[in-house]
Each structure stands twice: as structure tokens, then as C-alpha cells.
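Worksheet for the structure shown next.
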Amino acid sequence: MSKFMTVMMHTYRSKIKSKPFLITTLITIGLLFVITNMNEITKMFGEDEASKIGVIDRTGETLPALQTQLKQTNDDLKAEAFTKSESEAEKAVLDGKIEGLLILDKDASGIITGTYKAEDVTQQSLIADVELALQQIKNKSAAESIGLNQEQLAAIYSPVTFAKESLSDSAKSEEEAAQVYILVYVVLFFMYMAVMMYGSMIAVEVATEKSSRVMEILISSVSPVTQMFGKIFGIVLVALTQLALFIAGGFLAVKLNGQLSGSESIINELKLNEIPTSLIIYALVFFILGFFLYSTLFAMLGSLISRVEEVNNLMTPVVIVIVAAFMIAMFGRENPESGFVAAASYFPLFTPMLMLLRVGMLSLPVWEVALGISVLVGAIFLFAIIGARVYRGGVLMYGNAPSLKLFKQALLLSKQEKKNTTDI
């Protein structure tokens, strides 16, 4: 146990003291503060000037109504009459004096039409505001032509009353579903990023030691199995430390935004602080178990590699599986009751993401959750046993091109090394 702790703590301390860890952590937390408080930061540099478009009103009566509508929908967008020719207006657009040119006219049936001209039409938000304002003017004009008043027009365009009620007592409410949706999305994203970043870190760690021949010294004092699990647990501690710092930084950034803006923070608005404790526990359980599962695979594959440059080649199959699990989870967010998602959630490599998704989005019976956890734990033990044997032989293999055929060779070396140890 002392050797295991030595390997684990050495791995942990060396990683958290490394420059990449410190720089990545500080930059990420800094980005969280910047993104969360972007509105307040932009205010420090002064308010943006209102966008201005020129209008050539050939109807002679539409511009005032357009200005009124824009004031209601987007007060930062100003529409002003352009009294000069259309060619001069186009030149003003190209010179940057106005954002765009809107030409108002009527078709043969007397319906208002609009043509918007700009240097480019990529400002979709601005164009959408202008189009919406013209649509409202058109609707009002059409209603007046057939004798409808404002109240009748409002009644026509008012949204239908549509209530949603769950018949099952255990079903989640719409508010609870929204909270769970956000939590599941965040945890799935963190799980995906953690496995991709820290899993490859384990493989690189093993490959680095092999390439420097340090392994030959290590195996004389510490068994390969102890090394493998020591490294896995050490990297797990690194991952949990960094993720805890990210979560703490994000929480402080959100709280700071609430204080600076004077409004309720997103945590209170979405009532994320009311998420059931059981769901948070499930999220931690599946996150940690999933991380252990993939970490064992990455350590096993890393032992088959002689050079760090070969890591990506042998990691590709595992990465494809991780991406597939993430994509299925993204599909399952919109359709968690799908039979395909339910079946895939019992495949060990998909279980961490998909079972968490189903637990969060659905009211699953306890036996299904227990079965999912049991499948995952069983797979971890199986991969740990196989991985330990492959690792035992793999760390002694040098100069081989990365290939899945190396598994058999590593297992044979593992048996031979174990036999030699027994004979001694």
C-alpha cells in the first residue's frame, strides 16, 4: 500500500505543480469570469452607439409606423429618412455612414414590401428586427382594411393556451425537467472533456516513462500493477482537483455577475440550487466510475506504446467510442425514452453518460439504476484485471509499431514475467 500511495502522490504532485496544469486552470477560470460578466465588461468601455439605417419611403406613410415598431422591439436600432437618391444612399452604406438601406414600396395589390441593402447581409439580428417590424405593420394594415380593430387583431395573434400535465406521480415537472436538462448537459460535457484530456494524460505519462527507460528501473522496485493503479488514481485526483477549481470559479463568476448587474443570478433564476441531492450524487458516481473505466483503458493502451508520438494512433479507437457515447447522449437529451438509448445505456463504455442521462431525464425504477451501476462496476473490474495483465507485459515491450496485435504479445510477456517472479 505504501508503494501504491507513493506512486499516486508522486503522479498527483508532479501534475498539479506543472506549468500546463497551472496555466490551463488559470486561463479557464479567467475565461469563465469574462464570459459570465461580458455584459458588464462591455459597459466599462462605454455603451455601443445605436445602429442606424437609411429609409427611402416610396409609400409616403410607412416610415413613422416603422419607427414606432422599432422603438418597441429594438430601441438601439434607428430608422431615419434618406432624402437623396438611391445611388447616394448605397454609397453612404459602403462608406459606413449607415448600417443599411431600406426601400419601402407597395406591390400591385397595395401590400407593403421592403428591400434591404447592405455591404453584406450577415447581420441577421438587425435584418430580423426590421423584417419583424414590417410584418407587424403589414398585419395592422391588413386588419384595418377588413375592419378589424387592435383588440381583435391582438386576439388573432395571441398564442394559444397550452398546458402540460403529467399523469404519473413520479414524473418530473416542466421546471424540474429544465433544471435536470442543464445539470445533465454540464456533467456530460465535463465527463467528455475529462476523459479526453486526462485519459490521454495517463497514456502519455506511461509512454514517457517507457521512452526514457525509467520503466526498467521502476519495475525492479514497484510491481507494474501497482504502478498502473497508482497512476490512474493520481490522475483521477488531478482531474477532481481541476474540475473542483473550475466549478468553484464558475460559481464565483456567476455570483459576481449577480452583484454587478443587480439582478438575480442564473443559479437562482433556474433554481439550480433546488436540484435533488440524489441526482447530484448519481452524477458524481457515474462521473467517477466512467473516468475509472476509461482511465484503465488508456493506461493499458499507453503500456503498449514505446514513444509519445505514437499515442494518438492507438488512442483513436477509444476516442471514437467516447465521441459515439457523447453523440448518443446528445440525441438522448431530446428523446430519453428511446429504446435505442435504453439499450445502449447498458453497454459499459456508454453507461456513464447514457445512464446518467436517463436517471436525470426520466423517473427510472431503482433496479434499473442499480443494474447500470453493477454493469459499470463489473466492467471496471474486468478491464482492470485484463489491463493489469497487459500493462505488466506491455511495459517491457519496446520498438514495436502501435497495433492491437500487441495485446496478445503483452499478455504472453505478462505470464512469463509472473512465472519468473514466482520461480525467484
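Figures for the structure shown
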{"item": "Protection proxy ranking of 193-201, 229-237 - average other beta-carbon atoms within 10 Å, highest first", "result": "229-237, 193-201"}
{"item": "Whole-Hz couplings from phi, Karplus 6.51/-1.76/1.60, listed for region 196-205; x for Gly and Pro", "result": "5, 7, 7, x, 5, 4, 5, 4, 5, 4"}
{"item": "Derived scalar couplings ³J(HN,Hα) [region 81-90; Karplus, 6.51 cos²θ - 1.76 cosθ + 1.60; whole Hz; x for Gly, Pro]", "result": "5, 10, 8, 8, 6, 5, 5, 5, 5, 5"}
{"item": "Region 1-151, accessible surface, carbon-and-sulfur percent (1.4 angstrom probe)", "result": "55 percent"}
{"item": "Packing-based ranking, highest mean first, of 137-150, 317-330, 25-38 given that Cβ atoms within 10 Å are counted", "result": "317-330, 25-38, 137-150"}
{"item": "Extension gain from VAL321 to ALA248, taking 0.36 nm per residue of separation minus the Cα-Cα distance", "result": "23.3 nm"}
{"item": "Separation in nanometres of the label points that stand 7 Å from Cα toward Cβ, at VAL377 and LYS84", "result": "7.9 nm"}
{"item": "For ARG333, solvent-accessible area (1.4 Å; no DNA, RNA or ligand), Å²", "result": "40 Å²"}
{"item": "Pairwise FRET efficiency - ILE288 versus ILE127, Cβ, R0 = 45 Å, nearest 0.05", "result": "0.40"}
{"item": "Per-residue HN-Hα couplings for region 349-364 [Karplus 6.51, -1.76, 1.60; θ = phi - 60°; Hz; x = Gly/Pro]", "result": "6, 9, 4, x, 7, 6, 5, 4, 4, 5, 4, x, 8, 10, 9, 7"}
{"item": "Other-chain or far-sequence residues with amide H under 5 Å of VAL55's (modelled H)", "result": "GLU80, ALA81, PHE82, LEU102"}
{"item": "Förster radius 45 Å - calculated FRET efficiency between VAL186 and VAL160 (Cβ-Cβ, nearest 0.05)", "result": "0.85"}
{"item": "Fully extended contour minus Cα-Cα distance, from THR25 to GLN67, at 0.36 nm per residue", "result": "10.3 nm"}
{"item": "Amide hydrogen neighbours beyond the local backbone of THR113, cut-off 5 Å, H modeled", "result": "ASP105, LYS106, ASP107"}
{"item": "Length gained when the stretch LEU94-ILE35 is fully extended (0.36 nm per residue, less Cα-Cα span)", "result": "18.0 nm"}
{"item": "Rough spin-label spacing in nm, given labels placed 7 Å along Cα→Cβ, for TRP367 and ASP107", "result": "6.3 nm"}
{"item": "Residue-normalised accessible area of region 89-136, given per residue in Å² at a 1.4 Å probe", "result": "58 Å²"}
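The values are calculated or read from the model by the stated rules, or taken from the named source; none is laboratory data. Fair warning: this is a prediction, and the values are worked out from it, not measured in the lab. Glycine also receives a Cβ, built like all others from the backbone with ideal geometry; neighbour counts cover every protein chain displayed. Please note that ligands, DNA and RNA were not included when accessible areas were found on the heavy atoms of the full protein model with its side chains. Shrake-Rupley method; radii C 1.70, N 1.55, O 1.52, S 1.80 Å.
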